[in-house]
């Protein structure tokens, strides 16, 4: 594997694990006593991952939230401004393709790796047409110990940790389907052709920001 591919695989594993960690709920089971947290639905993983990988779309969704909830308008302003001042829509962007139900990337290898090192457990069911459904991801005791003693404190992970916490603050209560609906409201996202990369919307965000705050990004 080339160095670039190794780095990409490393980032994918860490990013997906952090999504599972920060957006999961407490869990206990006598059948699997080492499972401590649970995250349900691959769709939700994909939609949260899209917001992490596309800071311009996250900024847009934050502006939508600011328009819907006036009480949050002032606190969201510096968040969106900071995203653009740091150049995140360009430097942090990691393209995703449009598939049948929006942004998607195969994460089977990532999940298999996380399971192989005992960071997660996994369960699913088969539908009548043999499709895999009702995917659940369980964070283990071992993984929680690693997070508390090492992972979250790594400087290289700080941006991802902060971003997960930010998304969780404003959109953590949404299901995968609700996140998908919100993303489909954006023209560029909705109109992207199948198997094409979903395009940048920085200029749209700049326009929306100006309309809301009467100043430029």
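What is the extension gain from residue 157 to residue 112, computed as 0.36 nm multiplied by their sequence separation minus the C-alpha to C-alpha distance, in nm to one decimal? Walk me through the intermediate numbers first.
Working: separation 45, 0.36 × 45 = 16.20 nm, distance 2.13 nm.
Stretched out fully, the residue 157 to residue 112 stretch lengthens by 14.1 nm.
Hey, for a label at residue 190 modelled as a point 7 Å past Cα toward Cβ, could you say which residues of the stretch 43-73 have their backbone N under 20 Å away?
Under cut-off, by backbone N: 47-48, 50-51, 56-68.
For residue 145 and residue 34 in the same chain, what is the full-extension length gain: residue separation times 0.36 nm, less their Cα-Cα distance, in nm? Walk me through the numbers before you get to the answer.
On the way: separation 111, 0.36 × 111 = 39.96 nm, distance 1.16 nm.
Additional length available on full extension: 38.8 nm.
Given a cut-off of under 8 Å on Cα pairs at least six residues apart, what relative contact order in percent is computed for the chain?
Numbers: 253 pairs, mean separation 61.9, N = 217.
Result for the chain is 29 percent.
Take the Cα atoms of the stretch 45-115, find their three principal axes, and give me the spread along each one in whole Å, biggest first.
Each principal axis gives a Cα extent; for the stretch 45-115 these are 42, 25, 24 Å.
Using a cut-off of under 14 Å, list every residue of the stretch 173-217 whose amide N is near the label point 7 Å from the Cα of residue 100 along the Cα-to-beta-carbon line.
Under cut-off, by backbone N: 194-195.
For the stretch 173-217 and the stretch 37-83, write down the distance between their C-alpha centroids in whole Å.
Between the Cα centre of the stretch 173-217 and that of the stretch 37-83, the gap is 10 Å.
Given Cα pairs under 8 Å that are at least 6 residues apart, what percent is the relative contact order of the stretch 91-147?
Details: 46 pairs, mean separation 13.2, N = 57.
This gives 23 percent for the stretch 91-147.
For the chain, what is the calculated [θ] at 222 nm in deg cm²/dmol (nearest 500), taking -39500 (n - 2.57) for each run of four or more DSSP H residues and dividing by its residue count?
-17000 deg cm²/dmol
Direction-averaged shadow area of the convex hull around the Cα atoms of the chain, nm²?
Working: hull surface 55.4 nm².
Directional mean of the projected Cα hull area for the chain stands at 13.8 nm².
Work out how much length residue 70 to residue 124 would gain on full extension: take 0.36 nm times their residue separation and subtract the Cα-Cα distance, in nm to one decimal.
Numbers: separation 54, 0.36 × 54 = 19.44 nm, distance 4.05 nm.
Extra length from residue 70 to residue 124 when fully extended: 15.4 nm.
With a 10 Å radius around each residue's Cβ, average the other Cβ atoms per peptide and rank 20-28, 137-145, highest first.
Numbers: 20-28: 15.8, 137-145: 19.2.
Put in order of decreasing packing, that is 137-145, 20-28.
We did not get these values from a lab; they are worked out from the coordinates using the rules stated. The model shown is predicted, which means the values in this text are computed figures rather than measured ones. Note that each Cβ is placed from the backbone with ideal geometry, even for glycine, and that neighbours are counted across all protein chains shown.
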